[in-house]
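Coordinate-derived values only; no laboratory data. Computed from a predicted structure; not experimentally measured. Every residue, glycine as well, gets a Cβ built from its backbone with ideal geometry; the counts of neighbours run over all protein chains shown.
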Amino acid sequence: MKILFVICSALGCLTLSSKTRAQEYYLLIGTYTSSGSSRGIYVYKFDSHTAESTPVSSAASGNPSFLAVSPDERFVYSVNEDAPGKLSAYAFDKKTGELKFLNEQPSHGNHPCYITTDKKGKWVIAGNYSSGTVAVYPVLNDGLLGESVTMIKHEGYSVNTERQEGPHVHATVLSPDNKYLFVPDLGTDKVMIYAFNEKNGKLQPAKMPYVETEPGAGPRHFEFHPTGKYAYLLEELTGTISVYRYSKGQLMLIQNTSAQPLDYLGPSGSADIHVSKYGKYVYASNRAESNTIGIFKVDAKTGMLVLADHASTLGKTPRNFNFDPGGNFLLVANQNSDQVVIFSVDKATGFLSDTGKRIDVAKPVCLKWISVK
């Protein structure tokens, strides 16, 4: 009996340890290095139960302002937002939390600002802001980036002569079924829609080749609802959100609403948009003088948004933000106050409250997650 008790106790300890590990994740932070003291990409361990973070490693890189993680979490891909731009590939070691540089490829444009992998991890797609180009790269067996197989250059301009003098690709987002690529172009006031061939990486204009926004809106970031029935477009220059009904590569506009606080009269500069884990809320970050996160309740029947609250980001220039994988916390990368601020999320109301916990890192602009185990 004593032996059985000892074994049971040990199993109990193992179970507890397993639960503890399951609450830990690696947090990867992309930064700007051209100003300030950042050296590149930073890796932290993050406890999804307590919101405690611990520095693990870093990788030197030039302006790795946006990151993508492969579906199997073995590789990390980064833009190098320079002119001309580059893309970098890394292997990620889950045992040590370290990034190992593999190779780089030209981004086929200037100032790449967004990068993603397809759902199967076979392709990497990047968008170049200043040159308005999109490029597709094969992922080789060892995680390296091959030479691009597709490059498309957008054409056009819009009404804001300072910001929309030419095309400015700001995101490359694949549909949930991996068949369509959506590319918000801030410079042309269009979301371009491409049919994506996952066998050869080719892009072709979709049956609906684009949707147009209001003139001067400046499409920036785009995200699908977990049901796949709706999509949300954040428009930088007007600080607005367009809500679309989605089906098989086609978008139908059903709502446009402000992402800013109702009493805000300053300049717009909205940046990032995300849907909560189970699709109940949409969150949008506002920069310029606003420095807020807009919180919107999603109508489950229509996908439309109702304003719930606005929360201060407790810092300057909230670029990217993200939920921890458990959905308990929302982390905001405040670029110009050199800090990631951690909020707890009330899953019933969507409201945010300050945990008092911070991650001090120079010029943080992108947050991504990898599981520890």
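Counting other beta carbons within 10 Å of each residue's own, what order do Asp360, Asp354 fall into, fewest first?
Asp360, Asp354
What are the ³J(HN,Hα) values, in whole Hz, obtained from phi via the Karplus relation 6.51 cos²θ - 1.76 cosθ + 1.60 with θ = phi - 60°, for each residue of region 206-223 in sequence order, with x given for Gly and Pro?
Going residue by residue, I get 6, 3, 9, x, 5, 10, 9, 8, 5, x, x, 5, x, x, 10, 10, 8, 8 Hz, with x marking Gly and Pro.
Below 8 Å, C-alpha to C-alpha, sequence gap of six or more: please give me the relative contact order for the chain in percent.
12 percent
Which distance in Å, rounded to a whole number, links the C-alpha centroids of region 127-197 and region 271-350?
25 Å
Let me check the size of region 57-168 from its C-alpha atoms; what are the radius of gyration and Dmax in Å?
Cα radius of gyration and Dmax of region 57-168 are 14.7, 51 Å respectively.
Equivalent ellipsoid semi-axes for region 113-183, as square roots of 5 times the alpha carbon gyration tensor eigenvalues: give them largest first, rounded to whole Å.
26, 13, 9
In deg cm²/dmol, rounded to 500, what helix-only [θ] at 222 nm does the chain give when every DSSP H run of at least 4 residues adds -39500 (n - 2.57) and the total is split over its residues?
-2000 deg cm²/dmol
Would you kindly calculate the mean projected area, averaged across all directions, of the convex hull enclosing the Cα atoms of the chain, in square nanometres?
If you wrap the Cα atoms of the chain in a convex hull and average its projections, you get 19.9 nm².
By its C-alpha gyration tensor, with a ≥ b ≥ c as the square roots of the eigenvalues, how is region 200-319 shaped: rounded for a/c under 1.5, else prolate for a/b larger than b/c, else oblate?
prolate
Over region 217-264, what portion of Cα pair distances is larger than 14 Å, expressed as a whole percent?
50 percent
Relative contact order, percent, of region 275-364 when contacts are C-alpha pairs under 8 Å separated by at least 6 residues?
20 percent
Using the 10 angstrom Cβ neighbour count as an exposure proxy, how do Val43, Val136 rank, fewest first?
Lowest count first: Val43, Val136.
For the cross-link pairs Lys95/Lys179; Lys120/Lys297; Lys86/Lys363; Lys45/Lys363; Lys100/Lys373, which exceed 29 Å when the distance is taken from alpha carbon to alpha carbon?
Lys95/Lys179; Lys120/Lys297
Going by alpha carbons, how many degrees (0 to 90, nearest 10) lie between the helix axis of 2-22 and the longest principal axis of the chain?
The answer is roughly 20 degrees.
For region 261-340, what does the alpha-carbon gyration tensor say about shape, rounded, prolate or oblate, given a ≥ b ≥ c as the root eigenvalues, a/c under 1.5 as rounded, and a/b over b/c as prolate?
oblate
As a footprinting exposure proxy, order Arg358, Arg319 by other Cβ within 10 Å, with the fewest listed first.
Result, fewest neighbours first: Arg358, Arg319.
For Thr150, which sequence-distant residues (separation of 5 or more, or a different chain) have an amide H within less than 5 Å of its own amide H, given hydrogens modelled in the peptide plane?
Excluding prolines and chain starts, which carry no amide H, the hits are Val136.
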